[in-house]
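S.K.: For reference, the structure I am asking about is given below.
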Amino acid sequence: MKSLREDAIRIIEDSISSILPEKAVEQELKKLDLDDKIYLVAIGKAAWRMAKSAKDCLKDKVKGGVVITKYGHSQGPIEGLKIYEAGHPIPDENTISSTKEAVELVKGLSKDDTVLFLVSGGGSALFELPVDGVSLEDIKNVTDMLLRCGANIVEINAIRKRMSQVKGGRFALMASPARVYSLVLSDVLGDRLDSIASGPAYPDSTTCEDVRKIIRKYDLKLPRHILQSLSEETPKSLDNVETRIIGSVSKVCESAKNVAVSLGYNAMILTTTLDCEASEAGLFLAAIAREEVEKERPIKRPCVIILGGETVVHVKGTGKGGRNQELVLSAARGIKNYHGAVIASIGTDGTDGPTDAAGGIVDGKTAKALEEAGIDIDDVLNDNDSYHALQKVNSLIRTGPTGTNVNDLIFILCDETKVREN
Ligand SMILES: Nc1ncnc2c1ncn2[C@@H]1O[C@H](COP(=O)(O)OP(=O)(O)O)[C@@H](O)[C@H]1O
Ligand SMILES: O=C(O)[C@@H](CO)OP(=O)(O)O
Ligand SMILES: [Mg+2]
């Protein structure tokens, strides 16, 4: 064991590197034993790693392929595949042009051809071709509105699916009569296959009626031509698709537990479905940390209490930040002057919100340090400016793009110190 902060970083780095998608893709492809004419399409933040592993495994069986990932997430050329980077979370011109290439690749295939579709989160922004009457500008505006309103990913994607020619099962229809084998890395809680990357090759379980409810719930002001596109139903069954999930937040939580145990901590996973408002989650975690420091519950120290999930933020301010940074900053209020615990939270993709940080880490000294720097945590949270506050007290975590994407990893790490200052 080293310092709590050092061990926390070690847990994050080692748990992510042990769940990178290469091995899972290889194992699944061995089981599938696909025929010889394979066309590969990979989308999402983990697309490059998934595609590289598939190409290494299938070699010349792959007759062509398109990989679309977020800016900064490609690790270079892969022989025989076209690699593109595009905008995320808001799509851009490169999203459209590279999606067109993927569509060209699969249109006109025969029933003897196979499409290997490698899907990871981020795909909704990176894989997009709007329906007739909807422009890229429209998609950008609606995406921005949806990401700020506090809607969860299932609700957001119910709307995105209908504005798109490739989402909500429609891409699989385009590839028909070719068979589509879809390997999916889940970044949606509950592994809802129709929501991950907006389910381009999965029957849509959401309906136009759901969409109307979501519009009312968040009071979304949408122009008439967008509303028109949202009234068009998506495919409810597909007969040319087979789908396997190859990873999710549970795996990274298990992996974090194993790393922590190997460092000498007692470990428990509290939940893998944390999905409330980020700042509320922060206060809840702080309450658990206080219980550990004062009463050594729910587990004997030294310990780690692990949570997986994806919280939400209603972005009302003009600051810079992300849900993981907001969670830990909020938690810092609740563990002020409680020593012997750190609280860390990161996006496993390595980017939290529109920032260069994966998340943040706080302890009992963080709130005081911010006070001394003249920073009021409540004001910062109201302005959604967690990034600058955490930066000021050296509490951002930076990993760079990791090449995977399985939601967020959150934990409380405690040593045997039992100190509560007044
Ligand atoms: N200033 C901010 N503070 C907190 N959260 C923010 C801020 N700006 C955007 N967000 C949140 O960041 C989310 C997008 O972040 P990102 O980490 O890219 O998500 P994901 O990993 O799910 O793709 C949006 O849903 C939005 O709610
Ligand atoms: O692409 C998407 O729809 C979502 C969920 O899969 O991913 P992300 O939150 O990373 O954009
Ligand atoms: Mg997400």
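The values are calculated or read from the model by the stated rules, or taken from the named source; none is laboratory data. Bear in mind the structure is a predicted one, so any value in this text is a computation, not a measurement. Cβ coordinates were reconstructed from backbone atoms using ideal geometry, including for glycine residues, and neighbour counts include every protein chain displayed. Side chains are part of the model used for accessible areas, which takes the heavy atoms of the whole protein and leaves out ligands, DNA and RNA. Shrake-Rupley method; radii C 1.70, N 1.55, O 1.52, S 1.80 Å.
S.K.: Exactly one of these conditions fails for Glu101: (1) surrounded by 18 or more Cβ atoms within 10 Å (Cβ to Cβ); (2) in contact with a Lys or Arg (Cβ under 7 Å, 6 or more places away or on another chain). Give me its number.
M.R.: Only one criterion is unmet by Glu101, namely (1).
S.K.: So which of Val184, Val166, Val154 ends up being within 16 Å of ligand 2 (Cβ to nearest atom) and surrounded by fewer than 24 Cβ atoms within 10 Å (Cβ to Cβ)? Can you show your working first?
M.R.: Values: Val184 fails: surrounded by fewer than 24 Cβ atoms within 10 Å (Cβ to Cβ); Val166 fails: surrounded by fewer than 24 Cβ atoms within 10 Å (Cβ to Cβ).
Of the residues listed, the single one that is within 16 Å of ligand 2 (Cβ to nearest atom) and surrounded by fewer than 24 Cβ atoms within 10 Å (Cβ to Cβ) is Val154.
S.K.: Could you tell me whether the stretch 50-64 includes any residue that is within 19 Å of Gly347 (Cβ to Cβ) and surrounded by 23 or more Cβ atoms within 10 Å (Cβ to Cβ)? Walk me through how you get there before you give the answer.
M.R.: Quick first cut of the stretch 50-64, residues within 19 Å of Gly347 (Cβ to Cβ) only: 50.
Checking the rest, the ones that are also surrounded by 23 or more Cβ atoms within 10 Å (Cβ to Cβ) come to 50.
Yes; the residues of the stretch 50-64 include at least one that is within 19 Å of Gly347 (Cβ to Cβ) and surrounded by 23 or more Cβ atoms within 10 Å (Cβ to Cβ).
S.K.: I need every pair where a residue in the stretch 235-263 that is touching a residue at least 40 places away in the same chain (Cβ under 8 Å) has its Cβ under 6 Å from the Cβ of a residue that is among the basic types (Lys, Arg) and surrounded by 20 or more Cβ atoms within 10 Å (Cβ to Cβ), sequence separation at least 6 or different chains.
M.R.: Cβ pairs passing all conditions: Asn240/Arg179.
S.K.: Report whether or not Asp275 is of a type in the set (D, E, K, R), in the same structural domain as Gly403 (by TED's automatic domain parsing) and within 30 Å of Leu183 (Cβ to Cβ). Walk me through it before giving the result.
M.R.: Numbers: of a type in the set (D, E, K, R): yes; in the same structural domain as Gly403 (by TED's automatic domain parsing): yes; within 30 Å of Leu183 (Cβ to Cβ): yes.
Yes: the conditions hold for Asp275.
S.K.: Name the helices (runs of 4 or more DSSP H) wholly inside the stretch 64-166 in which the number of residues that are over 19 Å from Val211 (Cβ atoms) is 1 or more. If you could, list the steps in order and put the result at the bottom.
M.R.: Details: elements: 93-106, 123-126, 136-148, 153-162.
Helices (runs of 4 or more DSSP H) meeting the threshold: 93-106, 123-126, 136-148.
S.K.: Moving on to the next point. Is it true that some residue in the stretch 278-293 is open to solvent by 10 Å² or more (accessible area, probe 1.4 Å), within 21 Å of Cys149 (Cβ to Cβ) and within 16 Å of ligand 3 (Cβ to nearest atom)? Reasoning before the result, please.
M.R.: The initial filter retains those residues of the stretch 278-293 that are open to solvent by 10 Å² or more (accessible area, probe 1.4 Å), namely 279-280, 283-284, 287-288, 290-291.
Filter once more, so that each one left must be within 21 Å of Cys149 (Cβ to Cβ): 279-280.
Okay, now just the ones that are also within 16 Å of ligand 3 (Cβ to nearest atom), so none.
No, the stretch 278-293 contains no residue that is open to solvent by 10 Å² or more (accessible area, probe 1.4 Å), within 21 Å of Cys149 (Cβ to Cβ) and within 16 Å of ligand 3 (Cβ to nearest atom).
S.K.: A further question on this structure: Which of (1) part of a helix (DSSP H, G or I); (2) away from ligand 3 (no atom under 16 Å from the Cβ) does Leu222 not meet, given it meets every other one?
M.R.: (1)
S.K.: Hey, another quick one. Taking the stretch 296-326 on its own, how many of its residues are open to solvent by 20 Å² or more (accessible area, probe 1.4 Å), of a type in the set (D, E, K, R) and near ligand 1 (Cβ under 10 Å from one of its atoms)?
M.R.: 4
S.K.: Pick out the one residue from Gly374, Gly360, Gly400 that is out of contact with any Leu (no Cβ under 8 Å at 6 or more places or on another chain), away from ligand 1 (no atom under 11 Å from the Cβ) and free of Cβ contacts under 8 Å to residues at least 40 places away in the same chain. Write out each step before concluding.
M.R.: On the way: Gly360 fails: out of contact with any Leu (no Cβ under 8 Å at 6 or more places or on another chain); Gly400 fails: free of Cβ contacts under 8 Å to residues at least 40 places away in the same chain.
Testing whether each residue is out of contact with any Leu (no Cβ under 8 Å at 6 or more places or on another chain), away from ligand 1 (no atom under 11 Å from the Cβ) and free of Cβ contacts under 8 Å to residues at least 40 places away in the same chain leaves just Gly374.
S.K.: May I pose another question? Of everything in the stretch 187-215, what is open to solvent by 10 Å² or more (accessible area, probe 1.4 Å), out of contact with any Gly (no Cβ under 9 Å at 6 or more places or on another chain) and within 16 Å of ligand 1 (Cβ to nearest atom)? Give them in sequence order.
M.R.: Gly190, Asp191, Ile214
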